[in-house]
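Contents: one structure, followed by commentary.
The values are calculated or read from the model by the stated rules, or taken from the named source; none is laboratory data. Note that the structure is predicted; figures quoted are calculated from it, not measured. Here the Cβ is made from the backbone with ideal geometry for all residues, glycine too, and neighbour counts use every protein chain on show. Protein only, heavy atoms only, side chains kept; ligands, DNA and RNA dropped before computing areas. Shrake-Rupley method; radii C 1.70, N 1.55, O 1.52, S 1.80 Å.
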Amino acid sequence: MNVQSLAGEWRFRQAGSQEWLPAIVPGGVHTDLLALGQIPDPFVGDNEKKVQWVAEADWEYRYQFAAASAILSQSHIWLVCDGLDTLATVTLNGKLLGETNNMFRQYRWDVQDILQANENELLITFASPVQYITEKQAERPLPGVSQAIPGSPYLRKAPCQFGWDWGPQLPPIGIWKEIRLEAKAGPRLADVHLRQNHADGQVTVSAALTLTGPMAEGLTATLQIVAPHGEEFVVETAVTPQIHNSQLTIHNPHLWWPNGYGKQPLYQVLVTLRQGETTILDQRSYQLGLRTIQLRQDPDEWGRSFEFVVNGVPIFAKGANWIPADSFPTRISDDYLEALIRGAAKTHQNMLRVWGGGFFEEERFYDLCDKYGILVWQDYIFSCSVYPLDNPDFLENVRLEVDENVRRLRHRASLALWCGNNEMEWGWADWGWTRPDLADMKAAYDQFFHHTLADWSTTIDPDTPYWPSSPSSDTPFENPNGQIQGDAHYWEVWHGRKPFTAYRNQFPRFMSEFGFQALPPLATIKTFADEIDWNMTSYIMERHQKNDSGNSLMVGQMLDTFRLPKDFDSLVYLSMVLQAEGIRYGVEHWRRARERVAGTLYWQLNDCWPVASWSSLDYFGRWKALHYAARRFYAPLLLSVEDAPPQQNIYITSDLLEAWQGDLHWYLETLAGEQLASGTIPVAAAPLATTPLADFDFADEVTDANRRDLVFVAQLWQDEKFVSQQTAYFAPTKHLQLTNPDLTAVCQQNNNQLHIAINGRSLARLVELSFAGADVIFSDNYFDLPNGRTANITCQLPTGWTLAQAQAALRIRSIYDSFATG
């Protein structure tokens with residue numbers, strides 16, 4: 001196949017204007033206008049409001065080009081658009097090719113009779129998505145997201161781009177994926193379905209081929225698989241109208257495992273369609289991880305399990321929810337995307353839920369998930385709204401979207417689940433949607449998500465389980481957040497203003513959403529707010545808070561836990577450690593209940609713009625306190641304390657495949673370090689299980705007079721090597737008799753790595769390390785440091801820095817510094 005890219009420098013203009021301006025494709029109107037200085041940065045201040053006109057207008061993109069001779073020499077030529085966002089009319093040399101209405105689909109047109117050798121003009125006119133959905137919503141209003149421009153369910157475009165409770169109302173317009181000419185003679189590969197059969201310690205890989213175009217004589221298909229260590233497997237099959245399949249067997253296969261359970265070896269697969277000995281008609285390449293996966297739902301003493309099983313091993317899913325990484329997705333670089341996925345893997349995460357309010361991600365996202373061992377819970381793109389599923393044209397559009405994307409992704413080692421939608425079953429059950437004027441829509445929902453989409457999904461991809469909605473009990477419209485079966489979303493701590501202790505009352509079979517907000521780091525706030533606006537109730541701060549009363553909810557819970565912060569910088573810090581402590585509280589509880597709860601996915605991993613949100617990684621990829629906490633609470637070996645003062649109960653939860661042995665050292669001591677009691681307990685942690693270690697009742701030691709001056713310290717050791725530490729208290733942090741820990745740091749350099757040894761003269765709660773003028777990822781951060789212990793932290797020395805510069809720029813603070821003014 002011959003390919004000519006049409007990406008690069010185009011021209012664009014607002015419909016009705018005369019001047020053509022330079023544009024970059026792939027790209028979009030907002031980013032092109034921003035590059036020209038014709039709009040302010042929508043992410044700064046309240047500029048989001050000032051650029052609303054962009055998505056309310058129509059736009060035109062034009063490209064003039066000569067066709068390559070290698071293209072023109074072929075008998076079949078297509079214009080291929082991988083992604084047009086969204087309402088596009090496409091003409092070539094004045095001839096209408098077609099119209100589009102789905103940003104999730106590829107569009108392909110035959111241009112053999114239209115394409116010219118030297119002078120071609122491709123014109124793509126985009127109609128306003130806002131005008132379109134506004135008109136549709138006026139015809140029949142449908143319930144949707146209160147923070148969004150009304151009517152988005154009518155258009156097959158990423159729902160969150162119209163606004164969400166963490167995202168701006170900035171719907172992009174433009175050519176958002178690759179655009180090219182493809183040319184070839186003879187038949188081509190329309191589809192390749194790779195499947196695996198695991199039996200008797202070997203794997204048979206089959207490739208079912210679907211051809212399009214006229215059949216020809218002498219066709220062969222070659223299936224070539226190269227193992228990670230270089231061994232090659234090849235089979236060649238004659239292709240006839242009756243036979244389009246190839247298969248081969250891999251002996252001694254290297255299995256692919258989720259992060260933390262083993263390695264992620266990837267086999268390189270090449271499928272080649274030939275005519276005769278030398279003529280290559282078409283090729284498809286894939287990376288393939290060899291593994292089995294199932295969603296186990298077996299009856300048990302609590303109801304029915306909801307557990308992912310990979311290669312026969314039950315996996316506790318540890319992860320987060322993924323949203324689009326930028327409001328303008330064409331700005332997402334490969335390096336930035338990898339940093340986000342790598343950040344999940346480094347915190348022991350093994351699953352990301354690609355949430356249904358975004359879009360099907362590009363190949364590079366799934367490449368990275370395959371590489372890093374991140375299972376993907378993939379929602380179909382429906383979220384929190386009523387959709388016009390009674391409309392035959394809408395359904396056919398969705399059918400083509402589903403068909404294309406399932407075929408594109410079904411071979412992925414990382415793909416774990418197809419899920420029908422986000423929170424729509426919950427909406428019908430509990431959000432007041434069940435009313436007479438929407439009765440037809442409820443029936444359409446039932447038919448589509450419980451039957452039609454389920455059939456489409458399992459027919460095209462019979463190897464990946466389908467789940468109708470998240471949350472769901474798998475019983476239509478009944479108890480979608482139940483604790484007996486299915487998955488659950490729990491938002492009572494955030495929206496319901498319940499304390500973090502409420503998490504311990506929940507025992508879902510799988511917790512696929514829960515969360516608590518924090519501000520982003522101050523360095524991020526500085527990118528959108530001037531210092532005069534550094535106040536939780538300022539206009540600009542509330543423009544970058546999309547959840548109703550979100551800042552008030554943060555502050556309310558903050559004051560339940562911590563003392564009033566002395567300044568805005570301290571408030572930012574407290575918001576982050578509050579979020580980390582809250583999510584830790586929930587995850588540790590659910591991991592302790594591993595035999596009953598099979599996974600936790602917190603909301604949310606990442607941001608699409610600089611904002612106060614539930615993310616653990618902010619828009620610039622900075623690690624918030626929650627992300628550091630995740631590295632501890634998602635560790636394969638988790639030491640946790642179930643505190644119920646004066647009781648402290650200790651558990652160890654293991655995701656290891658083998659038994660683990662070590663020692664637990666525990667201490668009851670004052671904040672100044674005076675020990676009241678201590679001991680050592682041998683630890684034998686069972687694999688893939690939670691093991692209770694000890695229950696302590698300190699009723700005789702803890703009194704009303706000393707409870708604010710005590711800490712319980714538990715440390716896990718193995719062969720004189722420190723593994724992890726937990727602390728627990730007998731009073732709220734705001735009531736602790738914290739004194740100035742007078743933290744000191746000794747820095748040493750080893751090549752490009754910095755070693756920091758931190759000590760204090762009394763307990764330091766939630767110690768934060770940072771560098772003025774540089775972003776780094778520390779080996780640990782936002783940790784408790786009891787008196788008499790040393791925290792040994794490492795990080796990369798910032799590029800170009802000396803040891804002296806690092807020492808001068810190092811900043812250390814703890815909870816004490818958030819309120820102390822002396």
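Among the residues of segment 793-808, some residue qualifies, meaning at least one is over 19 Å from residue 617 (Cβ atoms), surrounded by 18 or more Cβ atoms within 10 Å (Cβ to Cβ) and either of a type in the set (Asp, Glu) or in contact with a Ser or Thr (Cβ under 7 Å, 6 or more places away or on another chain) (or both).
The residues on offer are 279, 330, 292, and the sole one that is surrounded by fewer than 24 Cβ atoms within 10 Å (Cβ to Cβ), out of contact with any Lys or Arg (no Cβ under 7 Å at 6 or more places or on another chain) and at pLDDT below 95 is 279.
Exactly one residue out of 100, 89, 134, 125 is without any contact (Cβ under 8 Å) to a residue 60 or more places away in the chain and touching an Asp or Glu at 6+ places or on another chain (Cβ under 6 Å): that is 89. Scanning segment 716-737 for residues that are in a loop (DSSP other than H, G, I, E, B) and among the small types (Gly, Ala, Ser) yields one hit, 731. Within segment 217-248, the set of residues being assigned to a loop (DSSP other than H, G, I, E, B) and open to solvent by 30 Å² or more (accessible area, probe 1.4 Å) comprises 217, 218, 228, 229, 230, 231, 240, 241, 242, 243, 244. The strands (runs of 3 or more DSSP E) found entirely in segment 738-822 that carry 1 or more residues being farther than 22 Å from residue 723 by Cα are 744-750, 764-771, 810-813.
Residues in segment 138-182 that are open to solvent by 30 Å² or more (accessible area, probe 1.4 Å), farther than 15 Å from residue 101 by Cβ and part of a helix (DSSP H, G or I): 138, 139.
Yes/no matrix, rows are residues, columns are (1) touching an Asp or Glu at 6+ places or on another chain (Cβ under 7 Å); (2) polar (S, T, N, Q); (3) farther than 22 Å from residue 577 by Cα:
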| residue | (1), (2), (3) |
| --- | --- |
| 753 | no, yes, yes |
| 762 | no, yes, no |
| 778 | no, no, no |
| 785 | no, no, no |
| 794 | no, yes, no |
| 798 | no, no, yes |
| 806 | no, no, yes |
| 810 | no, no, no |
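Within segment 581-615, the set of residues being under 15 Å from the mean Cα position of the chain (by Cα) and either farther than 27 Å from residue 482 by Cα or modelled with pLDDT under 95 (or both) comprises 606, 607, 608, 609. Residue 271 meets all of the listed conditions (1) outside any strand (DSSP E or B); (2) buried (at least 16 other Cβ atoms within 10 Å of the Cβ) but one, namely (1). Restricting segment 682-711 to residues that are assigned to a strand (DSSP E or B), among the aliphatic types (A, V, I, L, M) and touching a residue at least 60 places away in the same chain (Cβ under 8 Å) leaves a set whose member that is farthest from residue 260 (Cα to Cα) is 711.
Pairs are defined by a Cβ separation below 6 Å, a sequence spacing of at least 6 or placement on different chains, a first member in segment 752-764 that is at pLDDT below 95 and hydroxyl-bearing (Ser, Thr, Tyr), and a second member that is open to solvent by 30 Å² or more (accessible area, probe 1.4 Å) and in a strand (DSSP E or B); no pair meets this definition. For segment 664-681, a tally of residues being aromatic (Phe, Trp, Tyr) and either assigned to a loop (DSSP other than H, G, I, E, B) or surrounded by fewer than 17 Cβ atoms within 10 Å (Cβ to Cβ) (or both) returns 0. Among the residues making up segment 538-563, those that are more than 24 Å from residue 581 (Cβ to Cβ), open to solvent by less than 60 Å² (accessible area, probe 1.4 Å) and part of a helix (DSSP H, G or I) are 540, 543.
Could you go through segment 296-310 and let me know if any residue there is open to solvent by less than 50 Å² (accessible area, probe 1.4 Å), among the aliphatic types (A, V, I, L, M), under 30 Å from residue 162 (Cα atoms) and out of contact with any Phe, Trp or Tyr (no Cβ under 9 Å at 6 or more places or on another chain). For segment 296-310, residues open to solvent by less than 50 Å² (accessible area, probe 1.4 Å), among the aliphatic types (A, V, I, L, M), under 30 Å from residue 162 (Cα atoms) and out of contact with any Phe, Trp or Tyr (no Cβ under 9 Å at 6 or more places or on another chain): absent.
For segment 604-623, the set of residues classified as surrounded by 24 or more Cβ atoms within 10 Å (Cβ to Cβ) and in contact with an Asp or Glu (Cβ under 6 Å, 6 or more places away or on another chain) consists of 607, 608, 613, 615, 618, listed by residue number.
Looking only at residues of segment 744-766 that are over 36 Å from the mean Cα position of the chain (by Cα) and closer than 30 Å to residue 704 by Cβ, we find that the one that is most open to solvent (accessible area, probe 1.4 Å) is 761.
Looking only at segment 125-137, residues that are open to solvent by less than 40 Å² (accessible area, probe 1.4 Å) and touching a strand residue (DSSP E or B) at 6+ places or on another chain (Cβ under 9 Å) come to 3 in all. Scanning segment 183-216 for residues that are among the small types (Gly, Ala, Ser) and either touching a Leu at 6+ places or on another chain (Cβ under 9 Å) or not in a strand (DSSP E or B) (or both) turns up 183, 185, 186, 190, 201, 206, 207, 208, 213, 216.
Assess whether residue 535 counts as being more than 30 Å from residue 208 (Cα to Cα), open to solvent by 70 Å² or more (accessible area, probe 1.4 Å) and among the polar types (S, T, N, Q). Answer is yes for this residue. Within segment 100-123, being open to solvent by less than 10 Å² (accessible area, probe 1.4 Å), over 30 Å from residue 144 (Cα atoms) and part of a strand (DSSP E or B) holds for 120, 122. Looking at this structure, is residue 784 under 29 Å from the mean Cα position of the chain (by Cα) and among the acidic types (Asp, Glu)? Against the criterion (under 29 Å from the mean Cα position of the chain (by Cα) and among the acidic types (Asp, Glu)), residue 784 qualifies. Within segment 52-94, the residues that satisfy the criterion of being under 20 Å from residue 127 (Cβ atoms) and touching a helix residue (DSSP H, G or I) at 6+ places or on another chain (Cβ under 7 Å) are 54, 55, 56, 59, 86, 87. Go through segment 453-484 and give me each residue that's buried (at least 17 other Cβ atoms within 10 Å of the Cβ) and assigned to a helix (DSSP H, G or I). Of everything in segment 453-484, those that are buried (at least 17 other Cβ atoms within 10 Å of the Cβ) and assigned to a helix (DSSP H, G or I) turn out to be 453, 456, 457, 460.
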